[in-house]
Amino acid sequence: MKKKDQAFELRNLKRKIAGGIKTYTVASGKGGVGKTSLSVNLALALGSMGIRTIVLDGDLGLANVDVMFGMYPKYHLGHVISGEKKLSEILVSVQENVYILPGGTGLQDMADLDMTKQVKLIEEFSSLEEYGNVLLIDTGAGIHRSIVVFAIASDSLILVTSPDPTAIRDCYGLLKAVSLSAAASPEVYLIINMAKSNKEALEIASRLQYTARDFLDINLNMAGYILRDPHVEEAVKIGIPFIIADPNCEASKCVIQIARKIFNLENEEGIEEVPTGRGIKAFCMRLLRQLQLR
Ligand SMILES: Nc1ncnc2c1ncn2[C@@H]1O[C@H](COP(=O)(O)OP(=O)(O)O)[C@@H](O)[C@H]1O
Ligand SMILES: [Mg+2]
């Protein structure tokens with residue numbers, strides 16, 4: 001075994017002992033800013049870099065992660081919660097290292113289950129540890145309680161906004177709602193999507209960073225930007241994510257930069273460190289606690 005492989009294996013072992021999957025909630029406030037587009041293409045970028053990634057379609061109204069792939073899975077989390085299916089039976093493999101977990105309805109149902117059923121469900125969810133290092137939770141629009149709940153329960157929050165002033169305002173509104181409910185200051189990344197230029201993205205980011213620091217005492221980590229790119233819409237029309245359909249388009253290059261930044265993959269040689277979070281069990285428990293507070 002090469003020295004680098006050995007080091008990698010050692011880190012993986014440490015991860016097994018110390019923690020588990022790292023969970024990221026992708027949220028925005030306003031709809032249509034590119035959360036689903038980012039979640040799907042970021043997952044594919046991470047998968048090709050060797051980081052096993054699961055995308056949970058948590059947009060409870062619209063199951064739109066599927067649409068990006070032009071597929072319509074029959075089963076979703078609701079079937080797992082009702083006990084009809086196992087998690088492994090509803091996970092859809094879309095590329096090496098990348099899975100989609102169709103959300104459907106049923107989040108609130110989870111909170112209403114009795115304790116024995118909740119424990120069983122958490123056990124079932126723990127099987128996700130076998131499939132992923134990273135869980136990306138794609139959420140719906142609005143500042144609904146369920147989105148704040150996901151944000152608080154996960155290890156990290158990825159905030160997405162477009163340059164549109166109402167999107168920026170709603171993005172800040174969501175961050176404020178999260179900061180008011182969270183016990184500790186959360187890890188938050190910011191992504192500006194559909195930017196006209198690097199300059200525009202950086203200006204918006206620095207304004208948001210300044211406001212978040214001054215008014216909410218939150219450190220917003222700028223994770224990057226995605227340029228407005230017609231290849232994105234074209235890819236949606238053919239049901240193939242842009243990073244596969246056009247790996248060299250501007251949007252794809254931007255997503256790869258973001259993947260490197262958030263996951264500390266600054267060199268081209270591959271993974272420096274497998275992302276490690278608090279694990280799926282801890283995530284589920286925090287999620288249930290928050291849901292019961294409603
Ligand atoms: N960087 C981009 N350039 C051009 N169009 C984009 C870009 N990002 C997203 N879009 C388009 O914007 C629309 C909304 O994106 P979507 O990911 O569904 O947003 P959300 O999940 O936040 O509602 C889609 O039609 C998508 O193709
Ligand atoms: Mg969406």
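Using only alpha carbon pairs under 8 Å that are at least six residues apart, calculate the relative contact order of the range 21-292 and give it in whole percent.
28
In the full protein assembly as shown, how much of residue 215 is accessible to a 1.4 Å probe, in Å² to the nearest 10?
150
For residue 278, what accessible area in Å² do you get when you roll a 1.4 Å probe over the heavy atoms of the protein chains, rounding to the nearest 10?
The value for residue 278 is about 130 Å².
Is the range 21-292 rounded, prolate or oblate when judged by the Cα gyration tensor, a ≥ b ≥ c being the square roots of its eigenvalues, rounded requiring a/c under 1.5 and prolate requiring a/b larger than b/c?
Cα axes put the range 21-292 in the oblate bin.
Students often check this: by mean Cβ neighbours within 10 Å, which of 35-45, 228-238 ranks highest, and how do the rest follow?
35-45, 228-238
Tell me, what is the 1.4 Å probe accessible area of residue 67, in Å² to the nearest 10?
60
At a threshold of 8 angstrom on Cα-Cα distance, excluding pairs fewer than six apart, so keeping six or more, what relative contact order does the range 141-278 reach in percent?
RCO, the range 141-278: 19 percent.
Assuming R0 = 45 Å, can you tell me the calculated FRET efficiency for the pair residue 198 and residue 120, based on Cβ-Cβ distance, to the nearest 0.05?
Efficiency, from the Cβ-Cβ distance: 0.35.
Which entries in 35/74; 35/199; 237/261; 22/120; 85/253; 85/176 show an alpha-carbon gap greater than 31 Å?
Cα-Cα > 31 Å for 85/253; 85/176; rest within.
Calculate the dipole size of the chain relative to its Cα centre from +1 charges on Lys and Arg beta carbons and -1 charges on Asp and Glu beta carbons; express the result in debye to the nearest 20.
620
The values are calculated or read from the model by the stated rules, or taken from the named source; none is laboratory data. Keep in mind that this is a model prediction, so the values were computed, not measured. So basically every Cβ, Gly included, is an ideal-geometry build from the backbone, and we count neighbours across all protein chains shown. Quick note on the areas: whole protein, heavy atoms, side chains included, nothing else; ligands and nucleic acids left out. Shrake-Rupley method; radii C 1.70, N 1.55, O 1.52, S 1.80 Å.
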